[in-house]
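S.K.: Mind having a look at this structure? Questions to follow.
The values are calculated or read from the model by the stated rules, or taken from the named source; none is laboratory data. A quick note: this is a predicted structure, and the numbers were derived from the prediction, not measured. Here the Cβ is made from the backbone with ideal geometry for all residues, glycine too, and neighbour counts use every protein chain on show.
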Amino acid sequence: MYLLLVNRLAGGNRYKFIERPLKATLNRLNVKHKIVTIDDLNNIKELLKGHIKENTKGVVVVGGHGTVASAIDALAGYNLPIGIIPTSKTNSLARNLGIRNWQDGVKLIAKHKVVDKRLGKIGQHYFMDSLTIAPRRNLLTSIFSKSNRFRKFLGANLTHHFRPSHSVACQLHLDNELEIKCQIDKIVIILDDENKKKLTITLHNIVDKKPVISIFRANRCEVNSSLNMPILSGNETIANTPTTIQAINKTIAIMQPENKPSKV
Amino acid sequence: MSKERKDFADPNQFDTLVGKEVVVKGTLESEGDVQINGYFAGTIDSEKDVIVSEHAKVKANITGKNVYVAGEVDGDITASEKLEILETGRVDGDVTSQALSIEPGGILKGSSQMRETESEKPNSTPTFEVEEETK
């Protein structure tokens, strides 16, 4: 039996439009399930305690990236695979797993392979995949420049050059061995299973109007900055600087399409 | 395989890449290639290649497989294979390597010690013995 944790508010209440066809598809595919509604993303742990039984084969999260992140947090102590049925477009983890829509997510429950993914920790929260740290204005500028279809239609140059005034003074401590100081536009931290299970930390800055990147690997990264910056997992802000991010020796089982390579 | 100069700019080649105007202090231990384009102070210990590019300033002892210096290094360098000081490179320290190359314009201020490879060590055994005279 699969436990479906549903966030009805995700994707602008999208679940109410897909509820009937979703249940019909689950029944047609003969997937035994129990649907539980999430009232509060902070209470998922309590919800799981009350509903996970011996015959629970896995937990399927129905919602967006924020819902999945909260569920990963709560499920870190359980030995159950997690599946995703995306109901919003901000579910980057679902996209990375090859789950384009709710129909793919439902089919996945019926037929999948289970892959262990490493977890990272930021503050007290767990995360998978990657994090982005940047001044708010850089994130907004990036979003607007990407979505400007009118400029694309005109054939205008879409490349946005961040100005030095957009960068923020940052100090990073890696594994208590390296101290890094620089002006950054963006930091991207990837939890890289292939790279000896460490974090891959990429710093982006602009020098003489040209983009410059730096790459480091570490198990633990402390980030301090002159301005508080949001830390995004997908499109969701999960923390702010200053913070500590680490690769930890913990994994979570993920349901993945059978024909998808293990690398996410 | 040793690097060519065209490889220096490719960020995909490197395990660690210190960008321009980035200041790093501490101990860097790496299992992959390291390139310094900014400022580094401390110790660099790589199992593979270390590249100090043209605008870089390094105040550290460097250990690597092949070491290429196009910038400034103030410290000792130990290369298990090759050390190459390029035309814009300047090393102020002692160096140890199997092979050493200094391009015209490159500067080395310090002593240089060449390492023997296994193939260079004499492996023949003498065919006679010297007998000591007994009185």
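S.K.: Condition test on B:Val24, is it aliphatic (A, V, I, L, M) and either under 21 Å from B:Leu86 (Cβ atoms) or in a loop (DSSP other than H, G, I, E, B) (or both)?
M.R.: no
S.K.: Every residue in region B:84-104 that is assigned to a strand (DSSP E or B) and among the polar types (S, T, N, Q), please.
M.R.: B:Thr96, B:Ser97, B:Ser101
Here's the yes/no breakdown for (1) aliphatic (A, V, I, L, M); (2) closer than 22 Å to A:Gly66 by Cα:
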residue: A:Asn7; (1), (2): no, yes
residue: A:Ile18; (1), (2): yes, yes
residue: A:Ala24; (1), (2): yes, no
residue: A:Lys34; (1), (2): no, yes
residue: A:Thr37; (1), (2): no, yes
residue: A:Ile44; (1), (2): yes, yes
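S.K.: Taking A:Val188 as the residue in question, decide whether it is in contact (Cβ under 8 Å) with a residue 40 or more places away in the chain, surrounded by fewer than 21 Cβ atoms within 10 Å (Cβ to Cβ), more than 22 Å from A:Ala76 (Cα to Cα) and within 14 Å of chain B (Cβ to nearest Cβ).
M.R.: So A:Val188 fits the description; yes.
S.K.: Quick check on region B:64-108: of everything there that is of a type in the set (Lys, Arg) and crowded, with 18+ Cβ neighbours inside 10 Å, which residue is farthest from B:Asp45 (Cα to Cα)?
M.R.: That would be B:Arg90.
S.K.: Tell me which residues, restricted to region A:51-102, are more than 20 Å from A:Lys250 (Cα to Cα) and among the aromatic types (Phe, Trp, Tyr).
M.R.: Across region A:51-102, the qualifying residue is only A:Trp102.
S.K.: Given A:Ile187, A:Ile252, A:Ile213, which one is modelled with pLDDT under 85, in a strand (DSSP E or B) and not basic (Lys, Arg)?
M.R.: A:Ile252
S.K.: So, one more: Which of the following residues is among the hydrophobic types (A, V, I, L, M, F, W, C), closer than 20 Å to A:Asn27 by Cβ, crowded, with 16+ Cβ neighbours inside 10 Å and touching a residue at least 12 places away in the same chain (Cβ under 8 Å): A:Ile122, A:Ile85?
M.R.: When all the criteria are applied, what remains is A:Ile85.
S.K.: If you scan region A:222-249, which residues turn out to be among the polar types (S, T, N, Q) and not in a strand (DSSP E or B)?
M.R.: Selection gives A:Ser226, A:Asn228, A:Asn235, A:Thr241.
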